[in-house]
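A short worksheet on the structure shown next.
The values are calculated or read from the model by the stated rules, or taken from the named source; none is laboratory data. Given the structure is predicted, the values throughout are model-derived calculations rather than measurements. Cβ: placed from backbone, ideal geometry, glycine included. Neighbour counts: every protein chain shown. The protein model used for the area step is the full one, side chains on, heavy atoms only, and it has no ligands, DNA or RNA in it. Shrake-Rupley method; radii C 1.70, N 1.55, O 1.52, S 1.80 Å.
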Amino acid sequence: MPLDPQIQALRELRVRGGQPPLYALSVEEARAADLAAIQAAGGSPRPLYEVTERRFPGPGGKLTARVYRPSAERPLPALLYYFGGGWTLGSIDTADVLCRTLAAEAGCLVVTVGYRLAPEHPFPAAVHDCHAALRWVAECAGDLGADPARLAVGGDSAGGNLAAAVTLLARAAGDLPLAAQLLVYPNTDQLADDGSMRDNADPWLFNHHSVAWYARHYLAPGADAADPLASPLRADDLSGLPPALVITAEYDPLRDQGEAYARRLAEAGVPVQLNRYLGMAHGFFAMAGTVDAARTANRQAADYLRGRFEPS
């Protein structure tokens, strides 16, 4: 279907404003522009019972986590949510509105972590930070008011990539079963050259140039783009991973690799729900203040998590 009218309106606003694509900016400029754009489109932050920040030990030093609690109930199931931004942009603040929404609507604790960014800290630093955050929540569940038997991971874009990679590490460790994974238009293949990657070249939307710019920052010279922790789609075996909800967008260079990952999961016997949002572009999931389909997708994600967290 054609580009959704609300996405088209956002595109036209960028055209009229002459906003350069993020990949045409310096990393510092792109980080500031990314935060401003997300906050402009995300809507008002949901009030919650409690929002706190904690520090915990990571592989490269102390990391910050923001903990969103929707109610006084303890323990609550918990979602580790990893923000997007191509492993180069993004922060706890860019995910704030989204994390508040998921906490309120899924009725769970949401924890987002300020993992180390590239190019200062290239692959695999972010993966191991995100895995450390999951283990910290499990080990400190009593203090946090989390239920260690009901943990999930999720994220959008690069955050979806990190969530998928963390499930591979958790499976390998074998001591931390996960209830679910929420993968929103995830990067799953750093070497992808598929139809959606070739077809999405609109300079006013996230496109294949954007993908390449982020990858150049994230994958240091000599890093293996086929490593499953960078490209989960290239893992030999996806069996035994947690059930997944995979959300993709029609006008997104990452669409085909996200859907291919959902198929691989299903072929490996993992329960999967896949939903392509027609007319949507990459990034829409964080646009609930301006895009109706974003609110629908947020509710779908929250409903899915709530269902996965229910006692069997």
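Observations on the model:
- Scanning the stretch 180-239 for residues that are within 30 Å of R16 (Cβ to Cβ) and acidic (D, E) turns up D199, D202.
- Pair list, Cβ < 9 Å and 6+ apart or interchain, from the stretch 24-45 residues that are within 14 Å of S210 (Cβ to Cβ) to residues that are β-branched (V, I, T): V27/T88; A30/T88; D34/T94
- Residue within the stretch 84-101 that is under 15 Å from the mean Cα position of the chain (by Cα), basic (K, R) and open to solvent by 10 Å² or more (accessible area, probe 1.4 Å) present: yes
- Inside the stretch 30-61, residues that are part of a loop (DSSP other than H, G, I, E, B) and either surrounded by 13 or more Cβ atoms within 10 Å (Cβ to Cβ) or within 18 Å of the chain's Cα centre (by Cα) (or both) make up a count of 6.
- Residue within the stretch 9-24 that is polar (S, T, N, Q), open to solvent by less than 60 Å² (accessible area, probe 1.4 Å) and either on the phi < 0 side of the Ramachandran plot or in contact with a helix residue (DSSP H, G or I) (Cβ under 6 Å, 6 or more places away or on another chain) (or both) present: no
- Selection from the stretch 133-187 of residues that are on the phi > 0 side of the Ramachandran plot, over 18 Å from the mean Cα position of the chain (by Cα) and open to solvent by less than 10 Å² (accessible area, probe 1.4 Å): G145
- Just so you know, in the stretch 233-256 the residues that are in contact (Cβ under 8 Å) with a residue 24 or more places away in the chain and out of contact with any strand residue (DSSP E or B) (no Cβ under 9 Å at 6 or more places or on another chain) include one that is most open to solvent (accessible area, probe 1.4 Å), and it is R234.
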